[in-house]
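The values are calculated or read from the model by the stated rules, or taken from the named source; none is laboratory data. Please read all numbers here as calculations on a predicted model, not as lab measurements. When we count neighbours, we look across all protein chains shown, and the Cβ atoms used for this are built from the backbone with ideal geometry, even at glycine. Side chains are part of the model used for accessible areas, which takes the heavy atoms of the whole protein and leaves out ligands, DNA and RNA. Shrake-Rupley method; radii C 1.70, N 1.55, O 1.52, S 1.80 Å.
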Amino acid sequence: MAAAAFCLLGSLFAVAQFTNILVGRRGFRNMESREASQGTSNDSDITAVMGFSGFGKKARTFDLDAIFEQTRRTAIERSQRVLVERQQEVEQEMAAGSGPSGNTPPSSGPRQTPKDDSSSGSDSDSDSKLIGPPVPPGAGVDESEDEDEDEDDDDAPVGPPLPPGYRGSTADDDDEDENEDTKDEEDDNPVKRIPDTHEITLQHGGKTVSALALDPSGARLVTGGYDYEVKFWDFAGMDASLQAFRSLQPCECHQIKALQYSITGDVILVVAGNAQAKVLDRDGFQVMECIKGDQYIVDMANTKGHTAMLNGGCWHPKIKEEFLTCSNDGTVRTWDLNSEKKHKAVFKPRSLQGKRVMPTCCTYSRDGRLIAAGCQDGTIQIWDRNLSVHTKFHCRQAHAPGSDTSCLTFSYDGTTLASRGGDDTLKTWDIRNFKKPLNSASDLPSFFPMTDCSFSPDDQLLVTGTSVRKGEGNGKLVFFHRASFQKVYEIEVFDSSAVRCLWHPKLNQIMVGTSNGLAKVYYDPVKSQRGAKLCVVKNKRKERHAETLTQDYIITPHALPMFREARQRSTRKQLEKDRLDPVRSHKPEPPVSGPGRGGRVAAHGGTLSSYIVKNIALDKTDDSNPREAILRHAKAATNDPYWIAPAYAKTQPKTVFADVEAEDEEDDDEPEWKKRKI
């Protein structure tokens, strides 16, 4: 009860404030005037003593009981007045409906006396009185009339009056109706949303553009081709000259098969014709390179990587560190960006007989739970990402056996799979019923093993490219309606084949890679966003010409000497000065033509080595027989022995020499194998 009473008091107090403003304004003014008159004398006294005014003001006091009572009476009177007015309206309606008989039903509602009406009227008059200065004469208009006139003024059209009989709508209404009609038509017809009114051409090289990739934001485009080059294009940084800002060969002399940005756009997967996929950052620097497996192991599940040429690859749509590759070694492998020494999982496609088949393309589903691979025997095999042993879905006759299925892609809703076959067909499949294709289109020539297909951003169209031989026509981008699979539109792509096609969902622009080395971008100024629209509006940068070698001198006679440039003089005076300089006119040293160093010839015999060579090593006599040269000193040694004869004087006073002839005879009698070899 206390809480209810408190709430009632709060509501009554709020109502009292509003009624105080509207009804009791005069009473408060009188109260203020009395308080002001009483406090004037006090204020004057304090002002005279303190020297400044501002004292003597008192806080207002309110009688809450009187306010509540006044509020209650006002509410009761207004309620009674409203009831009486409603009752009168009901009686008038019934009187009008009774007709000439004038039989009116008796009123059942309460009625007020004239006294009550007069009192309520006085209250309403007091409530409706204006607060503030009086309204100037001639300007007094009823509030209801003013409101009606304001509403009429707002609704009135601006400009001259319309001719009589004109029933059309205004220009704004027409524009709105036209926009709504156009929007409805575009919603009903997906062909209207194809961005093909404008195009730009990017010159990649002279050979086929076999790979295209756009980052998730659509700011950068990467192209790869048969010329082993990977080029980076920045739409925001390019001008109308359309030049790539970086070009590199990440896999040396191997054709680029596939390129794709990760879901975060910070790294790029590069799949080339070798057995090792690479991951590059946004600037082209290598982040990771997959390991190569052992080609002599029979079971490919026991090797750490691929052992044959790669055919395709893509990133996981949910996990930014995982990607997928397929190879001619008959395996589909998943990799982790943080562990390059070994694959993460291996999936092995098998034929009906259980033999190994080569996967030619692979992809993830939109939710990342399924892995699909198109094989060379015409089959499409789908695995659960967490179960690599048995396939979850399998179609044995998806395309012609022996043809390379070039592309598999899932729709954005994840229920439809589109396959581009090497048998010149395009098919769609419902993965919930994977036995037969939903729709099929034929007569779509394909000469390249990476011809792909793509869904539109609204999932209502499917686009693919066609191939032509050189000089036999133009390649085309063909658009099919997903539901009916009718050809609804086509775009001719110059005199070359359309190999790669990419429809970016954020930019609403179509990128096409052709067989003559061009990458084309189709866009619409109204329907497309950013991308190619950023670079086509920029002017080409002016080429900076090299400065000429001649220098023009500016003659300033009144310039200071320190700022004056030295003028070029004649060479004759400079040569005369150089001739007088002993250093510059010194004769150069001759080149080395003999023994010596630093251009100076050394004196003969000036060094120890030259002295020895001169006096000992090169001192040759005419003696041809060394024995005779020794026996030349035999007489001097016999007459004046010094070394050997004194040593044998006591033990062998008489020198005994060997008999040479006897030895020769003995040698003649000895057999050949006993003779000493000299």
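For region 461-532, carbon and sulfur atoms together expose 48% of the accessible surface, with a 1.4 angstrom probe and every protein chain in place.
Every pair of different Cα atoms in region 396-510 enters the Kirkwood calculation, which places the hydrodynamic radius at 14.3 Å. Using the Cβ-Cβ distance between Lys540 and Asp459 with R0 = 35 Å, the FRET efficiency computed as 1/(1 + (r/R0)^6) comes to roughly 0.35. Taking each of Lys318/Lys348; Lys341/Lys435; Lys207/Lys344; Lys320/Lys348; Lys278/Lys520 in turn, the alpha-carbon distance tops 30 angstrom for Lys341/Lys435; Lys207/Lys344.
P(r) for region 272-391, from all Cα pairs and a bin width of 5 Å, is 2, 12, 23, 25, 21, 11, 4, 1, 0, 0 %, short bins first. What does a probe at Glu492 reach in region 469-484, counting residues whose amide N is under 11 Å from the point 7 Å along Cα→Cβ? 473-476, by backbone N distance to the label point. Using R0 = 22 Å, the C-beta based FRET efficiency linking Val389 and Glu252 works out to 0.05. Model label sites at Asn639 and Arg193, defined 7 Å from Cα along the beta-carbon direction, differ in position by 13.3 nm. The charge dipole of region 350-396, taken about its Cα centre with unit charges on the Cβ atoms of Lys, Arg (+1), Asp and Glu (-1) only, comes to about 80 debye. Taking a ≥ b ≥ c as the square roots of the eigenvalues of the Cα gyration tensor, region 207-270 is classed as oblate, since a/c reaches at least 1.5 and a/b does not exceed b/c. The label point for Ser241 and the one for Leu64, both projected 7 Å from the Cα toward the Cβ, are 8.4 nm apart.
Each label was represented as a point 7 Å from its Cα along the Cα-to-Cβ direction; for Ser217 and Phe657 these points are 11.1 nm apart.
Above 18 angstrom, tally the Cα pairs of region 366-463 and express them as a % of all pairs, no decimals. Value for region 366-463: 42 percent of Cα pairs lie more than 18 Å apart. Once the Cβ-Cβ distance of Arg356 and Gln529 is raised to the sixth power relative to R0 = 51 Å, the FRET efficiency obtained is 0.65.
Please report, as a whole percent, how much of the solvent-accessible surface of region 292-438 comes from carbon and sulfur atoms (probe radius 1.4 Å). Taking all protein chains in place, region 292-438 shows 48 percent carbon and sulfur surface. What translational diffusion coefficient, to the nearest whole µm²/s, does region 256-341 have by Stokes-Einstein, given a Kirkwood radius computed over alpha-carbon pairs, a temperature of 37 °C and 0.692 mPa s viscosity? It comes out at roughly 255 µm²/s.
If one computes P(r) from the Cα atoms of region 392-433, what percent of pairs lie at distances over 11 Å? Percent of Cα pairs beyond 11 Å in region 392-433: 65. Placing a label point 7 Å from the Cα of Arg432 along the Cα-to-Cβ direction, the residues of region 378-415 whose backbone N falls under 11 Å of that point are 415.
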